[in-house]
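Below is one structure, written out as structure tokens; comments come after it.
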Amino acid sequence: MNEPTIFERSVSGRTGVYFQESGLDSTMTQILGEENLRHDLPLPEVSQVDVIRHYTRLSAMNYGVDSGFYPLGSCTMKYNPKIHEEIAAMPGFSRLHPNQQAESCQGILRMLFEMQCFVQEITGMDAVTLQPAAGAHGELTALMVFKRHFERVGERHRRIVIVPDSSHGTNPATAARCGYEVIQITSGTDGRVDIARLREQLSDETAAVMLTNPNTLGLFETQIAEIADLVHKAGALLYCDGANMNAIMGIHRPGDAGFDAMHLNLHKTFSTPHGGGGPGSGPIAVKDFLASYLPVPVVAQNEDGYYLNYDLPDSIGAVHSFYGNIGMIVRAFAYIISLGANGLREVSENAVLNANYLLSKVSDSYEVPYGTKCMHEFVASAVRQKPRGVKALDIAKRLIDFGFHPPTIYFPLIVPEALMVEPTETESIESLNAFADALNAIAKEAEVSPEMVTSAPHHTPVGRLNEAAAARNMELTWTVGD
Amino acid sequence: MIPEDLRYTSTHEWLRVDDDLATIGITDHAQEELGDIVYLELPEVGSTVTAGHVFGSVESVKTVSDLTAPVSGEVLEVNEELTDSPDLVNEESYGGGWMIIVKMEIPSEVEELLTPEQYEKFVEEQ
């Protein structure tokens, strides 16, 4: 990398700020004692402009939704409106202490209470906790709630969780973490749940079935009502991984379709910062019969106002310090308020429209194993390019040269050489066209000059890295004298 | 290049026979498909593995895959170098990237495995 560290930029005697004789030295000596003062620390000696340029250059090497298109499938990397930052920074939200008495912070409690109501309405569920820190944490919380439910109704023998082979890895992982045995069922040839296989696996030992709808292939599970019926007849519960909620807001409510619990990813669907930009937030919503097991506290309302209710004797306990990642909930609340119910529906309509438009633009150049219609994302495959030595990984790297963040690759696992693209509703037709042009140009390169693709990226500060070695042999420190 | 002196499985493991000892690893084709390997979960010395059953897993930047034992027997040796350098499986899949050495219980199981010609054909057809 061609950017030296700030220490390597140091020139003896150079300084960024001139201090007048302040007497600070003798004060520090008095406070700390002469023996604790060091004058030999090799701090960088740089001018202001050296510092500004160094860090500005470093920041320009970063890539985020504020720099360009970010079609990371299943991640919903939509634009984060800046007004949310202003709202979250308002003193009434930002200068609170989590140990404050309820009567002194009615504003935030009201906001949290109303957010619980919004989540109930959007998901079609009856009760909500805002505590979980992200989607997988929400899944784990929900499965702990399921487990507590089965303990209370005397069905501890239910020890199996069923997931389709297209599921997010977090589904089997959280089930296993929660002490369940995981059974994976092969998807049907149309990419959806194979009802016959599901029926075969359901038994009185099944605790839950975890589904994502629309699923990770970008397909709506059209038989969801029948699936819910089968699962419930077996005495099991149906969990909805809400990662793909961006496709169905205001159009379809998982609670109405028979799901018993689900999570939302506020950092995906509800536009809070994501992927290094901020912590996540993964509220879960459940049906009535599960409400008493939710983590404490939940925000409640009585004649005196809003309060934190710790009185849930069957609760699984807290799953997060205090009340969750409140700052993120404020941003998501602002998003919901500013769009309104119709706006949220339009978000989903445009997310689906954008994905279908993009799919139609690239389906001549790439295999699209699950058809030319999709929900908010689609999965293409580089199998046609592979005989030329060009794999999904190479196409992803080459896209960086065109100025785009690569899509998700090699997921879902059931599609060979998968490229999973989710444009979101926040992209203009121009950026969708530019991305499609880049993908099509790369498909052409794979035909005529495959080495151009397999050796990419060419225009980045560093070229192709060995990803395993880059993660394993990191150089995170710079030592004086190096 | 598929070495002539090894036997293979349809799950892309190779096996080198030396009397009743079998050295086991994954093929060059397998490591190529997996991409950069970051972690290996291998059995302990003294444990037993069973032909056709999972004996460990390999994690790459793409995915996690099961390792299937080509033969049955007791694990005599595990390649400790892979703990710190799993990339050896990428770089020397048929050499330094070997995974375990098994004392075979049923040496005739080797006869069930693919020959180099059969494996080559199998990979081409995939």
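The values are calculated or read from the model by the stated rules, or taken from the named source; none is laboratory data. None of these values were measured; they are calculated from a predicted model. For neighbour counting, all protein chains shown are included, and Cβ atoms are generated from backbone atoms with ideal geometry for every residue, glycine included. We work out accessible area using only protein heavy atoms, side chains counted, and drop any ligands, DNA or RNA first. Shrake-Rupley method; radii C 1.70, N 1.55, O 1.52, S 1.80 Å.
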Fill in the blank from the handout: From the option list A:Leu211, A:Leu202, A:Leu219, single residue qualifying as modelled with pLDDT of 95 or more, closer than 18 Å to A:Tyr180 by Cβ and within 28 Å of the chain's Cα centre (by Cα) is A:Leu211
Fill in the blank from the handout: Scanning region A:386-405 for residues that are within 14 Å of chain B (Cβ to nearest Cβ) and in contact with a strand residue (DSSP E or B) (Cβ under 8 Å, 6 or more places away or on another chain) gives A:Ala392, A:Leu393, A:Ile395, A:Ala396
Practice task
Please enumerate the residues belonging to region A:398-420 that are buried (at least 22 other Cβ atoms within 10 Å of the Cβ), more than 19 Å from the chain's Cα centre (by Cα) and not in a loop (DSSP other than H, G, I, E, B).
Solution key: A:Arg398, A:Leu399, A:Ala418
Practice task
Could you pull out every one of the helices (runs of 4 or more DSSP H) wholly within region A:75-182 that has 3 or more residues that are under 20 Å from the mean Cα position of the chain (by Cα) and touching a residue at least 40 places away in the same chain (Cβ under 8 Å)?
Solution key: A:83-88, A:106-123, A:135-152
Fill in the blank from the handout: (1) open to solvent by 40 Å² or more (accessible area, probe 1.4 Å); (2) away from every other protein chain (no Cβ under 14 Å); (3) closer than 17 Å to A:Asp364 by Cα all hold for A:Val383 apart from (2)
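With respect to A:His252, determine if the residue is open to solvent by 20 Å² or more (accessible area, probe 1.4 Å), under 30 Å from A:Val347 (Cα atoms) and without any contact (Cβ under 8 Å) to a residue 60 or more places away in the chain. Spell out the reasoning first.
Working: open to solvent by 20 Å² or more (accessible area, probe 1.4 Å): yes; under 30 Å from A:Val347 (Cα atoms): yes; without any contact (Cβ under 8 Å) to a residue 60 or more places away in the chain: yes.
So A:His252 fits the description; yes.
Could you go through region A:26-48 and let me know if any residue there is in contact (Cβ under 8 Å) with a residue 40 or more places away in the chain, open to solvent by less than 70 Å² (accessible area, probe 1.4 Å) and either in a helix (DSSP H, G or I) or closer than 30 Å to A:Gly305 by Cα (or both).
Looking through region A:26-48, none of the residues is in contact (Cβ under 8 Å) with a residue 40 or more places away in the chain, open to solvent by less than 70 Å² (accessible area, probe 1.4 Å) and either in a helix (DSSP H, G or I) or closer than 30 Å to A:Gly305 by Cα (or both).
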Handout entry: Residue within region B:4-12 that is open to solvent by 70 Å² or more (accessible area, probe 1.4 Å) and assigned to a helix (DSSP H, G or I) present
Key = no
Completion exercise
The condition from (1) assigned by TED's automatic domain parsing to the domain that holds A:Leu393; (2) closer than 24 Å to B:Leu88 by Cβ that A:Glu475 misses is numbered (1)
Practice task
Scan region A:206-237 for residues that are among the polar types (S, T, N, Q) and surrounded by fewer than 23 Cβ atoms within 10 Å (Cβ to Cβ) and jot them down.
Solution key: A:Thr206, A:Thr222, A:Gln223
Handout entry: Filter pass, A:Pro423 being buried (at least 23 other Cβ atoms within 10 Å of the Cβ), in contact (Cβ under 8 Å) with a residue 40 or more places away in the chain and away from every other protein chain (no Cβ under 14 Å)
Key = yes
Problem - Meets criteria (at pLDDT below 95, more than 16 Å from B:Asp28 (Cβ to Cβ) and within 14 Å of chain A (Cβ to nearest Cβ)) for B:Val61 - result: yes
Problem - Answer from B:Gly56, B:Gly96 - the residue that is at pLDDT 95 or above, assigned to a strand (DSSP E or B), open to solvent by less than 70 Å² (accessible area, probe 1.4 Å) and away from chain A (no Cβ under 13 Å) - result: B:Gly56
Handout entry: First in region B:73-99 and without any contact (Cβ under 8 Å) to a residue 40 or more places away in the chain, second anywhere and aliphatic (A, V, I, L, M) and surrounded by fewer than 19 Cβ atoms within 10 Å (Cβ to Cβ), Cβ under 6 Å, 6 or more apart
Key = B:Val75/B:Val45; B:Val78/B:Val45
